[in-house]
Amino acid sequence: MLGNGGESPSRYELLSMVKKHSNLIGKTVVDEEDASDVEMDQKFWHDVLDLYFIGGRDSKEQQDDDLLFFVRKMSLHGYGFNDNIEGNSPYFVRRWATKLDDLVGESSMIIDWRRSLYLNLIAHTSYSITVAICSHQSLQNHQSNQGTTLSPIYKIVKTVYASPSRVNFHLDSRKEVETKPAYPDICFAVDDFDSTFDAVVLTDTDHCYCVLLNAVGGAAFPSEIPPQDNADAEETNKAKITLFSGFVSYEMVREAYDAGKSGFGSLLPFGNSAGKTDRIYMKGPGGRGEVEVAVSGVVDQSLDESGPHSPLQISEGGKFRIGAIVRKAASVAQVAAKNAYAVASSTRNADGGMVPLKCCLMSVSLPWEHIAYDLLFKGGVPVNL
């Protein structure tokens, strides 16, 4: 149907076709009058997927691009599936091969080619997550005046990957325990969350915990023509789309942490105290998406005043001090941690005051249709931290 009898369309041209026939994205109720004949034509989507991800695959040597995802037709497999039944998943995976029809074989008849195209577009795009601590006053100033520079107190940028599956972590052992299908949600997980966000500690009631997910390259960013000069190349490299941005105040994180299992599904059978870790979930702005965070109180290190410090103890002090903005020697950081914790503890019992909270982002989840729509149509300036 596409590229017959002539040169195959470029990726840029193919994506333009996809945009033209993507009126159904995001609609919970589909009116057939809103859909073009092409949009309902599975052969069209089969051919686009073939040309885009088989014939047009840019980096065959890159292992990250080896997997292709195929969504089963809803008529054969609805979204109300039982995750615990082996093989009862809304999608299946194959490794890249030179011919699409040979790759899927007889399974071709059960594939929803339209949704499969979108899922692969999402999966083969590159993403980064930014986790930052910002001043609440600074955020308010930025919201009231977009021209105001937003300078985070501390931030970490991490490369993440889109997956139609979700990994559940045991916080007490830091190990992956099981993987389940997440589709129609897409999950961006941080497997090493405990070490990656080791230094993200809210140490002031004015602090806000900020999460930003950007698409930064890959399949959703094809170039029509190669850059002609250095300036164009620089602009091409700056391509970015913000898919998720939101923040919560220290008070909101503290409230969720204190609520424990009664309100937020604590993994522990006893009350919260410094050093205990709870899993909390935060909805995105407008209820869009979900952020999963492991929150723990900073351990009081003033209990051990004598003797040489173990690497673990030094690390704990270092974590807090970095989270408090300044990178200094571990010995200095440990003193700061003791003092801050002492101040927090002295007011905690009296008025529920400040307790330093370490926040380790575990995952961000978004519905695939939201991501696909933004990758195809979202304009404007991306959010930067």
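The values are calculated or read from the model by the stated rules, or taken from the named source; none is laboratory data. Every value quoted in this text rests on a predicted model; they were computed, and no experiment measured them. Heads up, the Cβs are rebuilt from the backbone with ideal geometry, glycines too, and the neighbour counts pull from every protein chain shown.
For the reader, a short list of remarks on this structure follows.
- Per the listing Tyr183, Tyr161, Tyr154, the residue uniquely closer than 24 Å to Leu376 by Cα, aromatic (Phe, Trp, Tyr), touching a residue at least 60 places away in the same chain (Cβ under 8 Å) and out of contact with any Pro (no Cβ under 9 Å at 6 or more places or on another chain) is Tyr161.
- Condition check for Ser151: in a strand (DSSP E or B), hydroxyl-bearing (Ser, Thr, Tyr) and either farther than 21 Å from Lys358 by Cα or within 23 Å of the chain's Cα centre (by Cα) (or both): no
- When Ala324, Ala344, Ala329, Ala337 are checked against the criterion of being surrounded by fewer than 21 Cβ atoms within 10 Å (Cβ to Cβ), among the aliphatic types (A, V, I, L, M), closer than 22 Å to Arg254 by Cα and at pLDDT below 95, Ala344 stands alone in meeting it.
- Residues that are part of a strand (DSSP E or B) and among the hydroxyl-bearing types (Ser, Thr, Tyr) were ranked within segment 119-148; the one that is farthest from Arg94 (Cα to Cα) is Ser135.
- Asn168 meets the stated requirement of being in a strand (DSSP E or B) and surrounded by fewer than 19 Cβ atoms within 10 Å (Cβ to Cβ).
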